[in-house]
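Following: one structure in structure tokens, then a few remarks.
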Amino acid sequence: MKVIVEADGGSRGNPGPAGYGAVVFDADTGDVLAERSEGLGATTNNVAEYRGLIAGLTAAGELGADTVAVRMDSKLVIEQMAGRWQVKHPSMQPLNAEAKQLVAGFAERGAT
């Protein structure tokens, strides 16, 4: 099954009250297959962005997707996931590793 994950996260202040949202769509029909959202308490915008990505990828995996495309507006997450930027901040390294592990579970993956 081919899916599209749209994910976002944000905080009011940096750090500040934060949360994320993720939606998984059927790539062929556009039907919504899963939605995830959560308040995170006080954290940074970047952590919220990663948490949204992780939630969307987890939901896609739970649905049995084998192909996933991700849509996000976080340049930092996109560049780090592509390996073009280093993950320097120690609190971000486990989030990046978790997201990469989830991505590795799909036969095909990409960004749109």
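The values are calculated or read from the model by the stated rules, or taken from the named source; none is laboratory data. Nothing here was measured: the structure is a model prediction, and the numbers come from that model. Using ideal geometry, Cβ is built from the backbone for each residue, glycine included, and neighbour counts are taken over all protein chains shown.
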Query - Cross-chain or 6+ apart pairs with Cβ under 8 Å, segment 1-20 first and touching a residue at least 60 places away in the same chain (Cβ under 8 Å), then surrounded by fewer than 19 Cβ atoms within 10 Å (Cβ to Cβ) and among the basic types (K, R) - result: I4/R71; V5/R71; E6/R71; A7/R71
Query raised in the report: Taking the stated definitions as given, is G13 closer than 26 Å to M1 by Cβ, part of a loop (DSSP other than H, G, I, E, B) and of a type outside the set (D, E)?
Result: no
Query - Residue count, segment 74-112 (criterion: loosely packed, with under 14 Cβ neighbours inside 10 Å, under 16 Å from I54 (Cβ atoms) and in contact with a strand residue (DSSP E or B) (Cβ under 8 Å, 6 or more places away or on another chain)) - result: 1
Report summary line: Within segment 52-73, residues being touching a Ser or Thr at 6+ places or on another chain (Cβ under 9 Å) and surrounded by fewer than 17 Cβ atoms within 10 Å (Cβ to Cβ) number 1
Query raised in the report: Does any residue of segment 42-64 turn out to be in contact with a Lys or Arg (Cβ under 7 Å, 6 or more places away or on another chain) and closer than 14 Å to K2 by Cα?
Result: yes
Query raised in the report: in contact (Cβ under 8 Å) with a residue 40 or more places away in the chain, among the acidic types (D, E), out of contact with any Lys or Arg (no Cβ under 8 Å at 6 or more places or on another chain) and more than 11 Å from E6 (Cα to Cα) - does that describe any residue in segment 77-99?
Result: yes
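For segment 4-19, give me each residue that is modelled with pLDDT of 95 or more and over 30 Å from F106 (Cβ atoms). Step through it out loud before you land on a result.
Taking segment 4-19 and keeping what is modelled with pLDDT of 95 or more, we get 4-12, 15-19.
R12, P15, G16, P17 - these are the residues of segment 4-19 that are modelled with pLDDT of 95 or more and over 30 Å from F106 (Cβ atoms).
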